[in-house]
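Take a look at the structure set out below.
Throughout, read-outs are computed from the coordinates displayed, never taken from laboratory work. Because the structure is a prediction, the values reported are computed rather than measured. Please note: Cβ atoms are built from the backbone with ideal geometry, for glycine as well, and neighbour counts cover all protein chains shown.
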């Protein structure tokens, strides 16, 4: 099969391979239905203050796996839903930021600076249009970069890197994530090392599952979904509940939403926004391609770049549409690019990628990494077909976003007033139920809550969560790569230092850790 | 420099170092079959202890640096609050909710059938399968809502019950193979 055949097979797989409804020549496949469902759910969740994409991914993953099972047919519907949520949530975050001055997602904070003044001036509808136009443009650009770069990067890695170099690359990526996430290099490293340690419990190659304390509950291994969702989602719920418990804001009356008002955005106005969108989506894509650096930084950098470019009135911060465009284009451009390290290297760069890798690992049949993009001519590489089907689903989500995103954003303006104090306990019960139904074991619920408490302690102590999660996910592949590299080298103790490339990767990892520690000195203040 | 930040950093450092030392000196030697390097049929290979040893060593180093830095320079971060009263109420609510979830079904079944039919037999049939989840889930949800709003009310209780009922129906009605907690492993 040639490249073109693989692309066609991927498109065919996405649209027809798993049909839900067949009406003559028309086929509606489960992956497409799930993308649509995921997109609208994502916009709704992103637009709800207190919730975010990872929440719904965490809730949905165990349910979807329970529904679709562990068969190859389950892969695309589940991945499609996650992709839909990822795209929808980024878009939805702008709705409350603009209408209620409350960012739905952390990266939408910068959107409030210009979005809410516009809404107060009776231009809420127009602000939503600007946010949608910038967001969907940035997202589409980022996806195109992903489609081009991920196969290219993977092929290069397969061609030029051997086993020691791949192991060294994983060490470099993990060091990078540990250092760049959060405000404190050493706490990031502590978090990553702890993630590796937890991942080593009840795994390994010996007949006795290591570190399992002789326990029947631990012997099969910790339930990955419960651990990841516990630390990421339940920990966040506990912290938010405590904040509300300690805050008097809970008793304040909710702010009145301004009427959306004028919602037109002419072609001339769109053209005027394009330079800001162009710069910001470039920034967002570059940042997104680096593992561990999130949308919040991209949004801040995009906004700063836009402010430097902007001339005239209104100024940034006083209701400039360019401010919204700069922010939204940057944070949306992160989402596609974030999948570049995930799909080409198997290294999750952000929470959404963590869930995509988690889904692929749990269901099986698709192992994100360089092996996916092997263009074998004689034998069909099914993983490559899945990868192109996934790209097709991303295009579907983008088309949906272009066609319906603006309308849905306006519609949500009146639907997102559920207070966090009511919402979060319900989300916690949903999470507990989702994790339970996947494994049918109360021990999974206890592990979920235990890791939730750990996530709470890490958050309040300033220990970043993402290095823990990424190290936990990456530990298995990294250990296997190191074992294989060691054995392939003939048990050479210096196997990781045997080639200039792996030596360079390790030197870079050391330089990043030591350099960041030295540059930062003590961690910066909470601001 | 903030005093609480300084103390919190010290606590993080001590916890990290203590956990790492415990793992390196006690847990790993007693609970892993092969060492960092293992010789098996004259083949030298990496043993199962490699990953935990290196990760624990990394934790010890990171913890030590955090501790030394905290002692020498203090901390400029203001840590998040750890409110013991909140944690107490949170723990109590979760324990009460989970205990009711686990026990309601078996206890009601025992009372209703005089102990003749165990809950295990009834757990897949309505209304038995909903009892524990509805009561435990409602108590958990209501408790957490009341905790964060500082005001329990009948309206919140009703809201919690309706939300739990919707969740129960959402999982149970469309999917025959899914079981609500705790019915899957009772």
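Taking a ≥ b ≥ c as the square roots of the eigenvalues of the Cα gyration tensor of the stretch A:175-241, is the shape rounded (a/c under 1.5), prolate (a/b larger than b/c) or oblate?
On the way: a/c = 3.26, a/b = 1.50, b/c = 2.17.
Oblate, since a/c reaches 1.5 and b/c is not below a/b.
Label points 7 Å out from Cα along the Cβ direction at residue A:309 and residue B:125: separation in nm?
Here the answer is 6.8 nm between the modelled labels.
Add -39500 (n - 2.57) for each DSSP H run of 4 or more in the protein assembly as shown, then divide by its residues: what number comes out at 222 nm, to the nearest 500 deg cm²/dmol? Walk me through the numbers on the way to the answer.
Working: 28 runs with 484 residues, N = 713.
Using -39500 (n - 2.57) per qualifying helix, the result is -23000 deg cm²/dmol.
Can you give the convex hull volume of the alpha carbon atoms of chain B per residue, in Å³? Intermediate results must be reported in sequence, preceding the final value.
Numbers: hull volume 42.1 nm³, N = 186.
Output value, Cα hull per residue: 227 Å³.
Just the projected area, averaged over all directions, of the convex hull on the alpha carbon atoms of the stretch B:1-82: how many nm²? Before the final figure, lay out each step's value.
Working: hull surface 25.9 nm².
Mean shadow area of the hull around the Cα atoms is 6.5 nm².
Quick check: from the Cα gyration tensor, does the stretch A:41-107 come out rounded (a/c under 1.5), prolate or oblate? Can you show the working numbers first?
Numbers: a/c = 4.21, a/b = 2.83, b/c = 1.49.
It comes out prolate by the Cα gyration axes.
Taking a label point 7 Å from the Cα of residue A:489 along the Cα→Cβ vector, which residues of the stretch A:153-171 have an amide N closer than 17 Å to it?
Under 17 Å, as judged by backbone N against the label point of residue A:489, lie A:161-171 of the stretch A:153-171.
Starting from the Cα of residue A:403, step 7 Å along the direction of its Cβ; do the same at residue A:5; then give the gap between the two resulting points in nm.
3.2 nm
Sort A:440, A:212 so the one with the fewest other Cβ atoms within 10 Å of its own Cβ comes first. The partial results should precede the final answer.
Details: A:440 16, A:212 20.
By the 10 Å Cβ count, ascending: A:440, A:212.
Rank these for me by crowding, A:303, A:456, going from fewest to most other beta carbons within 10 Å.
Details: A:303 29, A:456 24.
Lowest count first: A:456, A:303.
Where q = 0.14 Å⁻¹, what log10 of I(q)/I(0) comes from the Debye formula for the stretch A:418-457, counting one point per Cα?
Evaluating at q = 0.14 Å⁻¹ gives log10 I(q)/I(0) of -0.34.
Distance in nm between label sites at residue B:173 and residue A:144, each 7 Å beyond Cα in the beta-carbon direction?
Result for the modelled spin labels: 4.5 nm.
Can you give the Kirkwood hydrodynamic radius of the protein assembly as shown from its Cα pairs, in Å with one decimal? Present the calculation step by step, with values, prior to reporting the outcome.
Details: mean 1/r = 0.0376 Å⁻¹.
Evaluated over the protein assembly as shown, this radius sits at 26.6 Å.
Would you calculate the volume per residue, in Å³, of the smallest convex hull containing every Cα atom of the stretch B:1-42?
Details: hull volume 2.6 nm³, N = 42.
Spelled out: Cα convex hull of the stretch B:1-42, divided by residues, is 63 Å³.
At 0.36 nm per residue, minus the direct Cα-Cα distance, what do residue B:81 and residue B:151 gain on full extension? Give it in nm, one decimal, please. Working shown, then result.
Numbers: separation 70, 0.36 × 70 = 25.20 nm, distance 2.17 nm.
Taking residue B:81 through residue B:151 to full extension adds about 23.0 nm, to one decimal.
If I take the Cα coordinates of the stretch A:387-485 and project them onto the principal axes, what are the three extents in Å, biggest first?
51, 41, 34
At each listed q (0.10, 0.16, 0.18 Å⁻¹), what is the log10 of I(q)/I(0) that the Debye formula gives for the stretch A:261-372 modelled as equal alpha-carbon point scatterers?
Those come out to -0.38, -0.72, -0.82, one per q.
Of the residues B:105, B:47, B:97, which exhibits the maximal mean-square fluctuation in a Gaussian network model of chain B defined by a 10 Å Cα contact cut-off?
B:47
Let me confirm one metric for peptide B:30-42, namely the mean number of other chain beta-carbon atoms within 10 Å of its residues' beta-carbons.
On the way: counts 3, 8, 8, 7, 5, 0, 0, 3, 2, 1, 1, 0, 0.
Taking all residues of B:30-42 together, the mean is 3.
Return A:296, A:392 ranked ascending by Cβ neighbour count within 10 Å, so the fewest neighbours appear first.
A:296, A:392
Return the average number of partner chain Cβ atoms within 10 angstrom of each residue Cβ along peptide B:144-156.
Details: counts 12, 9, 2, 6, 15, 7, 7, 3, 0, 0, 0, 0, 3.
Mean inter-chain Cβ contacts per residue within 10 Å come to 5.
In degrees between 0 and 90, to the nearest 10, how far off the longest principal axis of chain A does helix A:420-439 point, with axes built from Cα atoms?
Result, in degrees: 30.
Could you state the principal axis extents of the C-alpha atoms in the stretch B:83-186, from the largest down, to the nearest angstrom?
Per principal axis, max minus min of the Cα coordinates gives 44, 29, 23 Å.
R0 = 60 Å: FRET efficiency of residue A:218 with residue A:267, Cβ-based, nearest 0.05? Mind dumping the intermediate values first?
Numbers: r = 62 Å, r/R0 = 1.03.
So the FRET efficiency works out to roughly 0.45.
Residue A:286 to residue A:71: extension gain in nm, 0.36 nm per residue of separation minus the Cα-Cα distance?
Working: separation 215, 0.36 × 215 = 77.40 nm, distance 3.51 nm.
Here the answer is 73.9 nm.
Using Cα pairs closer than 8 Å and at least 6 residues apart in sequence, work out the relative contact order for the stretch B:1-82, in percent. Provide the component values of the computation, followed by the final result.
Numbers: 99 pairs, mean separation 42.3, N = 82.
Taking the mean separation of contacting Cα pairs over the length of the stretch B:1-82, I get 52 percent.
How far is helix A:109-118 tilted, in degrees, relative to the longest principal axis of the Cα atoms in chain A, given as a value from 0 to 90 rounded to the nearest 10?
10 degrees
Compute the angle between helix B:154-172 and the longest alpha-carbon principal axis of chain B, please, reported from 0 to 90 degrees and rounded to the nearest 10.
Once rounded, one gets 80 degrees.
Which whole number gives the average count of other chain Cβ atoms within 10 Å of the Cβ atoms across peptide A:1-14?
The mean count of partner-chain Cβ atoms within 10 Å per residue comes to 0.
Taking Cα pairs under 8 Å and at least six residues apart, what relative contact order does chain A come out at, in percent? Intermediate results must be reported in sequence, preceding the final value.
On the way: 1023 pairs, mean separation 149.1, N = 527.
Relative CO of chain A lands at 28 percent.
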